[in-house]
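Colleague: Just dropping this structure here.
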Amino acid sequence: MEYKRSVIITGGTINMGYHAALTIARQCPDYLVVLSSRTDPKHAAAAINKSLNQNNTVFIPLDLSKPNSVRTYAKEWKSRGHPKIQSLLLNAALQFPGALEVTDEGVEKTFAITHVGHALLFHLLYPNLAPKARVIITSSGVHDPALKTGMPKPIYTSAEALAYPPAEIANGDGRRHYVNAKLANVLWTYALQKRLDEQGHDTVVNAMDPGLMPGSGLAREYSPVLRWLWNNLFPKILPVLRLAFGTDNVHTPTQSGIALARLAIGDDVANVRGQYFEGMKEIKSSVESYQVEKQDNLWEWTVNYVASDQEELIQFRRFK
């Protein structure tokens, strides 16, 4: 079958990403739906195809912590002649609550996976985006210190400090790296949309907070006891968690996956650009996320870091 468009979902093999992919594949059988993560141990793409009696979902491996993997992915994408990308869902994330972990390049691993790898992927794939394409970035309400999340507050002094944390952060609460990376997601959403608009491009960029999702894979690096609570107890007591946190923003991965799919393909949000969503609701993000100097700092550091040479830097700045 010749597919009309493509949709790529990083971290699409489990939890919210999986349910977003399932929803998109069901609603758009003429789209190629691509799940991309390091591995697909549960054969998620095959499971989606079987459940829908279709064949439009595939798995293509991608390790966002390794720039060479991202570059290989983009190169192979271009060579295979896949249809233009209608929606690029930058959804994958990991959380390392313990001691500082870094990539082979020495970058703090949460920031590397959640932001840097996604930014490189976007720039490399940009020439393959369809007209009026959508880029959806999965952030989190934990980036906002005004919310009751139980997580540490973000500390953003510079993108350089997120990539190479100073001792006071590197030796502190490991969860702060995740909070900082999720703030970076929102800052980059606004910085990217601003520059696309300035150059007259029609790509739309939005960020989404899926809410607290007990049972998701985010706790895989936690202690055995916390993992058990997260995977076995908390999913059964969502109403209690909503009361405890004082918010309705507690969902199952299925519910959040549907919200993510809506931003990717929903007609009602086709022209919404540069905004932040809490599930289905468009809301304001944190006060800090609107600070233009921090958006600009993140943008400049990111393009300079991910570009391999001066020629590529020019391409990334001009979206060519």
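Colleague: Give me the accessible area of Ser158, 1.4 Å probe, in Å² rounded to the nearest 10.
Modeller: About 30 Å², ignoring ligands and nucleic acids.
Colleague: In the Gaussian network model of the chain, springs joining C-alpha atoms below 10 Å, which of Val34, Val179, Val287 carries the largest mean-square fluctuation?
Modeller: It is Val287.
Colleague: Let me ask something else about it. Between Arg80 and Glu105, with labels modelled 7 Å along Cα→Cβ, what's the label distance in nm to one decimal, could you check?
Modeller: 2.3 nm
Colleague: When the Karplus curve 6.51 cos²θ - 1.76 cosθ + 1.60 is applied with θ = phi - 60°, which whole-Hz ³J(HN,Hα) does each residue of the stretch 142-148 get, with x for Gly and Pro?
Modeller: Whole-Hz 3J(HN,Hα) from phi for the stretch 142-148: 5, 6, 9, x, 6, 8, 8.
Colleague: Using the Cα centre of the stretch 87-194 as the reference point, and only Cβ charges (+1 on K/R, -1 on D/E), how large is the resulting charge dipole? Debye, rounded to the nearest 20. Please list the in-between numbers first.
Modeller: On the way: 9 positive and 8 negative charges, 113 e Å.
Using Cβ point charges on Lys, Arg, Asp and Glu, the stretch 87-194 gives about 540 debye.
Colleague: Of the peptides 104-116, 297-309, how do they stack up when ordered by the mean number of other Cβ atoms within 10 Å, highest first?
Modeller: Working: 104-116: 22.2, 297-309: 17.4.
The peptides rank, most packed first, as 104-116, 297-309.
Colleague: Here is a follow-up. Take the residue pairs Lys84/Lys153; Lys109/Lys148; Lys50/Lys194; Lys50/Lys320 and return only those whose Cα atoms are more than 32 Å apart. Don't jump to the answer; show the numbers that get you there.
Modeller: Values: Lys84/Lys153 39 Å; Lys109/Lys148 25 Å; Lys50/Lys194 41 Å; Lys50/Lys320 38 Å.
Where the Cα-Cα span goes over 32 Å, the pairs concerned are Lys84/Lys153; Lys50/Lys194; Lys50/Lys320.
Colleague: Here are several values of Rg and Dmax of the Cα atoms in Å: (i) 21.9, 68; (ii) 29.7, 101; (iii) 18.4, 55. Which one was derived from the coordinates shown?
Modeller: It is the value labelled (iii).
Colleague: If I compute solvent accessible area with a 1.4 Å probe over the protein chains, what percent of it on the chain is carbon and sulfur?
Modeller: Working: 7460 of 13930 Å².
Ligands and nucleic acids excluded, carbon and sulfur reach 54 percent.
Colleague: According to a simple spin-label model (label point 7 Å from Cα along Cα-to-Cβ), what is the distance in nm between Lys320 and Asn55?
Modeller: Between Asn55 and Lys320, the simple spin-label model gives 4.0 nm.
Colleague: Would you kindly derive the ³J(HN,Hα) couplings of the stretch 256-267 from the backbone phi angles with the Karplus curve 6.51 cos²θ - 1.76 cosθ + 1.60 (θ = phi - 60°), listing them in order in whole Hz, with x for Gly and Pro?
Modeller: For the stretch 256-267, the Karplus curve yields 5, x, 5, 5, 5, 4, 4, 5, 7, 9, x, 5 Hz.
Colleague: Can you compute the charge dipole magnitude of the chain about its Cα centre, using +1 on each Lys and Arg Cβ and -1 on each Asp and Glu Cβ, nothing else charged? Give it in debye, rounded to the nearest 20. Intermediate values should be presented prior to the final figure.
Modeller: Values: 34 positive and 30 negative charges, 180 e Å.
Result for the chain is approximately 860 debye, rounded to the nearest 20.
Colleague: Also, quick follow-up: For the ranges 146-154, 256-264, what's the packing order if you count other beta-carbon atoms within 10 Å of each residue, average per peptide, and put the highest first?
Modeller: Values: 146-154: 16.0, 256-264: 24.9.
Most protected by this proxy first, the peptides run 256-264, 146-154.
Colleague: Tell me the label-point distance for the pair Ser308, Asn68, using the 7 Å Cα-to-Cβ offset, in nm and rounded to one decimal.
Modeller: Distance between the two pseudo-spin positions: 1.2 nm.
Colleague: Here's another thing I want to ask about it. Placing +1 at every Lys and Arg Cβ and -1 at every Asp and Glu Cβ, with all other atoms neutral, what dipole size does the stretch 1-103 have around its Cα centre, in debye to the nearest 20?
Modeller: Working: 12 positive and 6 negative charges, 47 e Å.
Computed about the Cα centre, the dipole is about 220 debye.
Colleague: What percent does the relative contact order of the stretch 21-82 come to when contacts are Cα pairs within less than 8 Å and at least six residues apart?
Modeller: Relative CO of the stretch 21-82 lands at 30 percent.
Colleague: Measuring from centroid to centroid over Cα atoms, what is the spacing of the stretch 87-137 and the stretch 250-320 in Å?
Modeller: The stretch 87-137 and the stretch 250-320 have Cα centres spaced 11 Å from each other.
Colleague: Right, next: Once fully extended, how much extra length lies between Ser158 and Asn271, figured as 0.36 nm per residue of separation less the alpha-carbon to alpha-carbon distance? Don't skip to the end; give the middle numbers.
Modeller: Working: separation 113, 0.36 × 113 = 40.68 nm, distance 3.15 nm.
Roughly 37.5 nm would be gained on extension.
Colleague: Below 8 Å between Cα atoms, with a sequence gap of 6+, how large is the relative contact order for the chain in percent?
Modeller: On the way: 594 pairs, mean separation 63.5, N = 320.
The value is 20 percent.
Colleague: Using alpha carbons only, how many angstrom separate the centre of the stretch 1-42 from the centre of the stretch 173-193?
Modeller: 24 Å
Colleague: Follow-up. Express the accessible area of the chain per residue in Å², computed with a 1.4 Å probe while the remaining protein chains stay in the model. Please list the in-between numbers first.
Modeller: Details: 13930 Å² over 320 residues.
Dividing the accessible area of the chain by its residue count gives 44 Å².
The values are calculated or read from the model by the stated rules, or taken from the named source; none is laboratory data. All figures in this text were calculated on a predicted structure; none of them were measured in a lab. Neighbour counts run over all protein chains shown; Cβ positions are idealised from the backbone, glycine included. Accessible surface is based on the protein model in full, side chains and every heavy atom, while ligands, DNA and RNA are left aside. Shrake-Rupley method; radii C 1.70, N 1.55, O 1.52, S 1.80 Å.
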